[in-house]
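Comments concern the structure below.
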Amino acid sequence: MKEVCQALLFHPITVAKVVLLELGGAKYLLVLMIFFLGFPLAAPEFLLPGLADLAANMLSANPMPRSPFAYHSVTLIPLLATAAIYGVKRLSLWQSRYTITEMASLAVIVSFLGGYLLAPLPLPGARNFWAPAHFLSRPDPRVQMIRSLVGENASVSAQANVGSHFSQRHKIYRYPNMAGQVDAIILRLESPTTNINNLPDQIKNKRKYLIGSLDSHLQMDRTEYIASIKSLLSDNKYGVLLWDDPWLVLAQGASGHGLEQKLIR
């Protein structure tokens, strides 16, 4: 903390350069303001309650908080909207060319248009950042069946993007952590995104850090993921407790074996 304060006091220009340029803070601020046409800047006092959240997002070593497709800015939106309302009111008093209704209407149109263009869903003309494999996902009844099969007291290593469905237990780990030691391994052999093959080979070692990629959902490299499953299926330590495409549940003591060629093609 001492070093942070010293850097802010004695090297403010360097800190500003790093935060705004190297970490992408300037682009992040532009994205926040452009949807409101900069109107919040005319009423900056209404933005003060959000300074802590804004600082946390801008100073994060992880770029995700500065992404318009992440949830980290959700607490700032009500403050920006409030500041924009009062900003429009003030600007209407300072000039007479545009009425308060005209400025507010323009901000609403830009917000809706920008929101649509940046929509992370497969809509015509939208950014479709997450590229979901299914536009609508209904609750999968097999999740409860798997819970019952595995049991409440079993230790589990679960695939990263499905782990939340099985987290209410004493011991749960993100696959492949503790594989070989836990009682059961829960996998879903289906990509949650169509964003699979459009990443250059030269960054394949960083794919799991690219938000929205298959590797990011898995929190491991896809090739390592496939290799690990092949290894598990060829090992007699775990048997197949359940194979209901795309769900694969392995458990110690289960009788099913020899499905490697069928499951991994």
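Bear in mind that the values in this text are calculations on the coordinates, not laboratory data. Computed from a predicted model, the values in this text were never measured in an experiment. Here Cβ is always computed from backbone atoms with ideal geometry, including for glycine, and neighbour counts include all displayed protein chains.
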statement: Expected sort for 134, 217 with the fewest Cβ neighbours (10 Å cutoff) up front is 134, 217
- prompt: So what are the range 2-117's ellipsoid semi-axes, whole angstrom, largest first, if each one is the square root of 5 times an eigenvalue of the alpha-carbon gyration tensor?
  reply: 29, 17, 12
task: Quick one: among 195, 128, 153, which has the greatest mean-square fluctuation in a GNM of the chain with alpha-carbon springs under 10 angstrom?
output: 153
field: Normalised per residue, the volume of the convex hull around the Cα set of the chain (Å³)
entry: 193 Å³
statement: Going from the fewest other Cβ atoms within 10 Å to the most, one would list 157, 105, 216 as 105, 216, 157
Modelled label reach - residue 148, point 7 Å along Cα→Cβ, the range 232-249 residues with backbone N closer than 15 Å: 242
Residue-by-residue Karplus 3J(HN,Hα) for the range 241-246, coefficients 6.51, -1.76, 1.60, Hz, glycine and proline x: 7, 8, 10, 9, 2, x
- prompt: So which residue, out of 13, 211, 186, gets the largest mean-square fluctuation from a GNM of the chain using Cα contacts under 10 Å as springs?
  reply: 13
statement: Summing -39500 (n - 2.57) over every DSSP H run of at least 4 residues in the chain and dividing by its residue count gives a helix-only mean residue ellipticity at 222 nm, to the nearest 500 deg cm²/dmol, of -11000 deg cm²/dmol
query: Using a basic spin-label model with each label point 7 Å from the Cα along Cα→Cβ, how many nm lie between residue 234 and residue 93?
result: 7.6 nm
statement: Given unit charges at Cβ for Lys, Arg (+) and Asp, Glu (-), the dipole magnitude of the range 2-117 about its Cα centre in debye, nearest 20, is 140 debye
query: Taking the simple approach of a point 7 Å from Cα along Cα-to-Cβ for both residue 59 and residue 72, what is their distance in nm?
result: 1.3 nm
- request: Between residue 123 and residue 15, take the C-beta separation as r, use R0 = 25 Å, and let me know the FRET efficiency to the nearest 0.05.
  value: 0.05
- line: Loop-resident chymotrypsin sites (Phe, Trp or Tyr not before Pro) in the range 87-152 with no more than 11 other Cβ atoms inside 10 Å, DSSP not H/G/I/E/B, are 135
- request: Neighbouring Cβ atoms within 10 Å as the yardstick, rank 71, 28, 86 fewest first.
  value: 71, 86, 28
message: For the chain, set up a GNM with springs between Cα atoms under 10 Å and report which of 88, 31, 15 has the largest fluctuation.
response: 15
query: How big is the antiparallel share of DSSP beta bridges in the chain, given as a percent to the nearest 5?
result: 70 percent
